[in-house]
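These notes are about the structure you will find just below.
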Amino acid sequence: MVEFGVFLSAAWRRLPGLACALLLLAPTAVLAQSADLMRAYQNFEAAKAADKVTDALKFGEAALKLTEEGGDKPSLVALLRTLGDYAAQAGQDQAATLYYERALTLQESSLGADHPDLVPLLSALADLNVKAKRYSEAAVFEQRILGIERLVYGEHHENVLATLGKLKDIYRAANDAEGLARINSQLQALAAAESTRGLPGPVGIAGAGRRYKQNQGFATVRVFYGTNRVPSGDAKPALFYGKGRGDLQYGYLNVTIPQVHKEAELETQPRWAEYTLGIDEASMRRRYVLLDQVTPLAKDDFVRTLRQQVKDSPSKDLFIFVHGFNNTFEDAARRAAQMAYDLDFDGTPLLYSWPSQGSATAYAVDEAAVGISGRKMADFLETVVAQSGAERIHLLAHSMGNRALIEALQTYLAKRAPDQRQHIFGQIVFTAPDVDRDYFVDAIGSLRSAAERVTLYASGNDYALRSSQFLHGAPRAGTAGDFIIRLAGLDTIDMSSVPADALGHSYFAANSGAIYDMFRLLWRGDPPPQRCGMSDRKGHDALAVWWFNADACKGDDMLEAGVMLKRFGDLARTRVETNLQTLTDPSQIKEWKLILKRLDNLMAPVAPQGGLAK
């Protein structure tokens, strides 16, 4: 999912953020050229929309020149990657290669030759060489990726396995028997080692106990949805809903999550790679988070199917996720499913998708669209609350999507008498809200009694919201520091220590520590003092803001321990100890000793102020 201002991902190629976000982070020299740069971006987007490839690349070159003159290397790298993606998608492979190579050179000069952030560019160059049937060159890039992943993740990591699989495909296509034999030997050795693994990952006992089961290399997450997007007329799942506004639509969708998935990541296939290299649909599902199916339903059929899903689920909870700026329907669907999977959510995930343009330069258009979508979402809430059969309904919004959620809640609650507005919802979570701070404070007064707990995630390192503040001339609700919100009845969590994307905006789903905090919140509804890594900081008015210590809670071992406790209760420790007795691999033993330590902390009596161990 591409959120406001997110122009650089450490793992996957994404579109750049809004031009003003680039400018806000850039030196003064670039700011002086802001109008020209904004115009270049707008012209680039307009030419793309009109399918005028030559014009689009011309405007992209103009933006490159202005960005380079400003001396902002991260923005330059991001723009080069975007132009490379667009050129490749348009069939301009030579231009795409030049863009990617230039970005790679810049990245190497800043990060060194073995940094994992080089992988997306190396992968793009490998794919272009495969497309051109230059298999030996493609293999060189993939071997370099393999070396980086082994160095960073270790020999047995899933990413290593996936890259070995790509190399196998390349050697097969090249009729390279020697290379194929070499890769097969490495894959067999890894398979033999994997067969001795116990609980870690989706193939072990804990994986078998998780809500979403892996089968043939991927799991399927079903997400029900409401949207006021107009259907595009295209049957492809990724293109099923477009950018236009329309009447409220209902349905469900399926998203596949690969076994190689790493928590808090959103494994994304290159959008332009329509060629295949012996890579069938099943193989794609084993590598990427994919929107696999969209099934629209009439309202009555939606209600009936949703009720059955809630009834058949381990938990009668559900959550509704509302995405932010610059999201296609596909982006939002994939993020909602990734969250349900990473949270090991036992209930039913739902998505509300408003008609974002899915364009980095369409901020004003998205603002208008989200402004009219709240009332549509209120109708969706009416249906879900009254007819789903759920026992608890959680609401979660990100960035600009918080505006739709607030409007929907205000509209929904206004139709009810005051004594009928209490604790209708379980958790309401506002993450990085791109909402006027004063408006948010005023709105919360009428909303906080509608839920068991209301949480605000804010950050002082959210540069996307700084851009929004620059645009609007007023602080945003998701900003920490001097503008952080302190209100009675609102749990404000300062997430400034959480690293995520380059602009610090998508931390809620792109950091394992943040995922664990949300896991705990939705599972137990614990107040901040009983959750990991929380310390309170009183303001002059004695209202607390909770500071989240990301280092205390990050890591797959923390989330695995939480899942074990949720699944097996008091028997969780016995399960882990039994598994430890069967392990011989030192790295696995170390991993599960960490999980056991985390589990002991989770099962210990709660201290008065919680502390860092929970």
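Readers should treat all values here as calculations from the given coordinates under stated rules, not as data from a laboratory. A quick note: this is a predicted structure, and the numbers were derived from the prediction, not measured. All Cβ positions, glycine included, derive from the backbone under ideal geometry; neighbour counts span all protein chains shown.
Here the peptides 514-521, 171-178, 393-400 are ranked by packing, the mean other Cβ count within 10 Å, and the order with the highest first is 393-400, 514-521, 171-178. Rg over Rh for the range 19-194 works out to 1.07, both radii taken from alpha-carbon positions and Rh defined as the Kirkwood radius. If you take the Cα centroid of the range 110-165 and the Cα centroid of the range 287-333, the two points sit 34 Å apart. Taken about its Cα centre, the chain carries a charge dipole of about 1060 debye when Lys and Arg each add +1 at the Cβ and Asp and Glu each add -1 at the Cβ. Site pair LYS133 and ARG448 shows an inter-label distance of 6.7 nm when each label is modelled 7 Å from Cα along Cα→Cβ. Less than 14 Å apart at the alpha-carbon level, and either on another chain or at least 8 residues along: which aspartates and glutamates does that give for LYS213? By straight Cα distance, LYS213 reaches ASP342, ASP344, ASP346. Straight-distance candidates among the aspartates and glutamates for linking to LYS166, with alpha-carbon spacing under 14 Å and chain neighbours fewer than 8 residues away dropped: ASP127, GLU137, GLU142, GLU149, GLU158, ASP176, ASP280.
Counting 0.36 nm for each residue step from ARG524 to ALA282 and taking away their Cα separation leaves a gain of 83.5 nm. In the structure shown, the pairs LYS52/LYS131; LYS311/LYS376; LYS52/LYS376 are assessed against 28 Å; a Cα-Cα span above that value is assigned to LYS52/LYS376. Relative to the globular-protein estimate of 2.2 N^0.38 Å, the Cα radius of gyration of the chain stands at 0.95.
Hey, what did the chain get for relative contact order, percent, Cα under 8 Å, at least 6 apart?
On the way: 1181 pairs, mean separation 72.2, N = 614.
Over the chain, the number comes to 12 percent.
Within the straight-line cut-off of under 14 Å between alpha carbons, the aspartates and glutamates reachable from LYS597 are ASP556, ASP557, GLU560, GLU577, sequence neighbours fewer than 8 places apart in one chain being disregarded.
Debye calculation, C-alpha points only, no solvent: report log10 I(q)/I(0) for the range 560-603 at q = 0.14, 0.18, 0.23 Å⁻¹, in the same order as the q values. The computed values of log10 I(q)/I(0) come out as -0.27, -0.45, -0.70.
Of the peptides 298-307, 65-74, the ranking by mean beta-carbon count within 10 Å, highest at the top, reads 65-74, 298-307.
Which is farthest toward the positive dipole end of the chain among PHE59, GLY242, LEU471, measuring Cα position about the Cα centre, with Cβ charges +1 (Lys, Arg) and -1 (Asp, Glu)? My answer, from the dipole projection, is GLY242.
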